[in-house]
Amino acid sequence: MSNIPATLKYTESHEWVQDNGDGTVTIGITDHAQEALGDVVFVELPEVGRELALEEEFGVIESVKAASDLYAPLAGEVIAVNESLEDAPESVNESPYDDAWILKMKVADSTDLEKLLDADAYTLLVESEA
Amino acid sequence: MSDSASVQGLKQTALHDLHVEQGAKMVEFAGYAMPVQYPLGVKKEHEHTRAKAGLFDVSHMGQLTLRGENVQAALETLVPTDIVDLPVGMQRYGLFTSDAGGILDDLMIVNGGDHLYVVVNAACKDQDIAHLRVGLPTEIEIEVLNDRALLALQGPLAHAVMQRLAPEVCELTFMHHARVSIEGIECWASRSGYTGEDGFEISVPNADVERFARLLLAEDEVELIGLGARDSLRLEAGLCLYGHDLDTTTTPVEGSLIWALGKVRRHGGEREGGFPGADVILTQVANKDHARKRVGLVAEGRAPVREGAELFDGEGNLIGVVTSGSFGPTYGKPVAMGYVVVAHSALETQLFADVRGRRLPMTVTKMPFVEQRYYRG
């Protein structure tokens, strides 16, 4: 069973979102997503300053076997990206919720956060896909 | 992301239950439910095969025997391979060609003495069998060996494993073949494989294959390896995957497979021509007037360049396409093979691959990417 921290929010496309409480969020992919992808060899990051629309494709995670698109869970501006993923993409497999955060964004409309899945809803989604 | 492809209603190999028991992720491949990976994961399975010994179930491939008067000469009418001179107990790589000079499938051919033993690709096997029935004289008997499974044991320690189970098999050198009894199981073993490593391909009756696989798995060096790692291993070894790197629109010359054309079947040879598409193929060999060519490609950085990526020259002209591509776990860089116009096919030529709208530099590079370690004695 994959790890689904209760403190985070989730998307149906398997990103996690951490509300930093200051109008910004941190985003990554879930433990379930990294397991399904397998060994990650490359993460394509967006540029800092880019404005993302809700559900806009902003990057790609590639494993040995496949590529998987990343989608913006919220609308907003990218304020930081995790450049350490360029040299250590395998940290997505090893530490999906900590070391392998992908980007931080300034949220355009914080009420959108409430539309994301909570841990219980995401657990149900993962179980329904199994 | 969808991670559970439906495997309902698919054909199964005789090792299906073992794969499931071992935690394999099963996917559809050529109409079969096949293990794409085990809990170890694609990258570690790849590395294990390069370091120790990997066990692959390739029972989805078609195994056939051909018997009858002059069967070797008869098969030569369908392939540009030298089969008449293939010694008993030896295996050779061959191609079924079309009248237009394209490749219908690639195959392995063993001279078994009173018969030929042939292994063809899973996705092509029905069409290959039909092609043989139409193309060979009626007195040649074609037997489809649906009762046999096929395993490959690959890696630098494969021989150490076989030394314990069947030392006589270790006397075979690359592309040699023998029938041996291992723990009472009637095995047909070749010193060959599709990973670039030393190893064996072993045909085993379905009824015995699970016991045989468990015998191998009981050895410390051996891990089950799925199709995912099989693909990255063969790509690093510069070996083609039919339907991707070779197809009916590709001639053996374009596919950089001139070496697979028997010398005696070429211009000036003792048995020149006499296979489908010979005029097209032999003219290309002589005039080197083919428009495109299969090459190896290496990208800088880490982004894999996958099948279908278009290739451009420095001026932005479209000059080719990638047919297989992945991150090479052993090579440590993204590797690919693809077709480019001949003018851009020289080693060290720099090209650009379109990956999601960005142009990533790639360099035409000699294959294999990882040195082949076949045992030649």
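The values are calculated or read from the model by the stated rules, or taken from the named source; none is laboratory data. Being a predicted model, the structure only gives us computed values, none of them experimental. When we count neighbours, we look across all protein chains shown, and the Cβ atoms used for this are built from the backbone with ideal geometry, even at glycine. Note: areas computed on protein heavy atoms with side chains; ligands, DNA, RNA excluded. Shrake-Rupley method; radii C 1.70, N 1.55, O 1.52, S 1.80 Å.
Among the residues in segment B:121-132, are any in a loop (DSSP other than H, G, I, E, B) and of a type in the set (D, E, K, R)? Steps first, please.
Within segment B:121-132, the first condition is being in a loop (DSSP other than H, G, I, E, B), and the residues that meet it are B:121.
Subset that is of a type in the set (D, E, K, R): none.
No, the conditions are met nowhere in segment B:121-132.
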Across (1) touching a strand residue (DSSP E or B) at 6+ places or on another chain (Cβ under 6 Å); (2) surrounded by 15 or more Cβ atoms within 10 Å (Cβ to Cβ), residue B:143 clears everything bar (2)
The strands (runs of 3 or more DSSP E) lying wholly within segment B:143-232 that contain at least 2 residues that are within 27 Å of residue B:116 (Cα to Cα) and more than 14 Å from chain A (Cβ to nearest Cβ) are B:148-154, B:177-182, B:185-190, B:199-205
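Rundown of residues vs (1) open to solvent by less than 50 Å² (accessible area, probe 1.4 Å); (2) in contact (Cβ under 8 Å) with a residue 60 or more places away in the chain, yes/no style:
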{"residue": "B:287", "(1), (2)": "no, no"}
{"residue": "B:293", "(1), (2)": "no, no"}
{"residue": "B:297", "(1), (2)": "yes, yes"}
{"residue": "B:319", "(1), (2)": "yes, no"}
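With B:104, B:95 as the choices, which residue is in a strand (DSSP E or B), within 20 Å of residue B:243 (Cβ to Cβ) and open to solvent by 10 Å² or more (accessible area, probe 1.4 Å)? Reasoning before the result, please.
Details: B:95 fails: open to solvent by 10 Å² or more (accessible area, probe 1.4 Å).
Being in a strand (DSSP E or B), within 20 Å of residue B:243 (Cβ to Cβ) and open to solvent by 10 Å² or more (accessible area, probe 1.4 Å) holds for just one of B:104, B:95, which is B:104.
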Cβ pairs under 6 Å, 6+ apart or interchain, first in segment B:196-215 and among the polar types (S, T, N, Q), second open to solvent by 30 Å² or more (accessible area, probe 1.4 Å), ordered by first then second residue, are B:206/B:14; B:206/B:147
For segment B:124-134, state whether one or more residues are on the phi > 0 side of the Ramachandran plot and either at pLDDT 95 or above or under 19 Å from the mean Cα position of the chain (by Cα) (or both). no
Of the residues in segment A:19-65, those that are in contact with a helix residue (DSSP H, G or I) (Cβ under 7 Å, 6 or more places away or on another chain), part of a loop (DSSP other than H, G, I, E, B) and open to solvent by less than 20 Å² (accessible area, probe 1.4 Å) come to A:38, A:64
Considering segment A:66-108, residues that are more than 13 Å from chain B (Cβ to nearest Cβ) and among the β-branched types (Val, Ile, Thr), and then whichever is most open to solvent (accessible area, probe 1.4 Å), we arrive at A:79
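Residue check: is residue A:43 hydrophobic (A, V, I, L, M, F, W, C), in contact with a Leu (Cβ under 6 Å, 6 or more places away or on another chain) and under 30 Å from residue B:233 (Cβ atoms)? Show your work before the answer.
Values: hydrophobic (A, V, I, L, M, F, W, C): yes; in contact with a Leu (Cβ under 6 Å, 6 or more places away or on another chain): yes; under 30 Å from residue B:233 (Cβ atoms): yes.
Yes; evaluated as a whole, the condition is true for this residue.
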Given the conditions (1) away from chain A (no Cβ under 14 Å); (2) in contact with a helix residue (DSSP H, G or I) (Cβ under 6 Å, 6 or more places away or on another chain), every one holds for residue B:33 apart from (2)
Review point. Hey, does segment B:156-164 have a residue that's open to solvent by less than 60 Å² (accessible area, probe 1.4 Å), under 20 Å from residue B:374 (Cβ atoms) and not aliphatic (A, V, I, L, M)?
Key: yes
For residue A:112, the lone unmet condition from (1) open to solvent by less than 30 Å² (accessible area, probe 1.4 Å); (2) within 12 Å of another protein chain (Cβ to nearest Cβ) is (2)
Residues of segment B:20-75 being over 20 Å from residue B:213 (Cα atoms), in a strand (DSSP E or B), open to solvent by less than 50 Å² (accessible area, probe 1.4 Å) and modelled with pLDDT of 95 or more, in sequence order, are B:64, B:65, B:66
Only one of A:28, A:49 is among the small types (Gly, Ala, Ser), touching a Pro at 6+ places or on another chain (Cβ under 7 Å) and either in contact (Cβ under 8 Å) with a residue 60 or more places away in the chain or away from chain B (no Cβ under 11 Å) (or both), namely A:28
Does at least one position in segment B:308-316 carry a residue that is assigned to a loop (DSSP other than H, G, I, E, B), open to solvent by less than 60 Å² (accessible area, probe 1.4 Å) and at pLDDT below 95?
no
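Can you tell me how many residues within segment B:204-245 are small (Gly, Ala, Ser), open to solvent by less than 40 Å² (accessible area, probe 1.4 Å) and under 16 Å from the mean Cα position of the chain (by Cα)?
Going through segment B:204-245, the residues small (Gly, Ala, Ser) turn out to be B:207, B:213, B:218, B:226, B:228-229, B:232, B:237-238, B:243.
Filter once more, so that each one left must be open to solvent by less than 40 Å² (accessible area, probe 1.4 Å): B:213, B:226, B:228-229, B:232, B:237-238.
So of that shortlist, the ones also under 16 Å from the mean Cα position of the chain (by Cα) come out as B:226, B:228-229, B:232, B:237-238.
Residues flagged as small (Gly, Ala, Ser), open to solvent by less than 40 Å² (accessible area, probe 1.4 Å) and under 16 Å from the mean Cα position of the chain (by Cα) within segment B:204-245 amount to 6.
Please enumerate the residues belonging to segment A:6-18 that are within 9 Å of chain B (Cβ to nearest Cβ) and either open to solvent by less than 20 Å² (accessible area, probe 1.4 Å) or among the charged types (D, E, K, R) (or both).
Applying the first criterion (within 9 Å of chain B (Cβ to nearest Cβ)) to segment A:6-18 yields A:13-14.
Of everything in segment A:6-18, just one residue is within 9 Å of chain B (Cβ to nearest Cβ) and either open to solvent by less than 20 Å² (accessible area, probe 1.4 Å) or among the charged types (D, E, K, R) (or both), namely A:14.
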Scanning segment B:246-285 residue by residue, those among the polar types (S, T, N, Q), outside any loop (DSSP other than H, G, I, E, B) and surrounded by fewer than 18 Cβ atoms within 10 Å (Cβ to Cβ) turn out to be B:283
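If a residue must be acidic (Asp, Glu) and touching an Asp or Glu at 6+ places or on another chain (Cβ under 8 Å), how many such residues does segment B:18-49 contain?
Just the residues of segment B:18-49 that are acidic (Asp, Glu), to begin with: B:21, B:28, B:45, B:47.
Filter again for touching an Asp or Glu at 6+ places or on another chain (Cβ under 8 Å), leaving B:45.
Residues that pass the stated criteria total 1.
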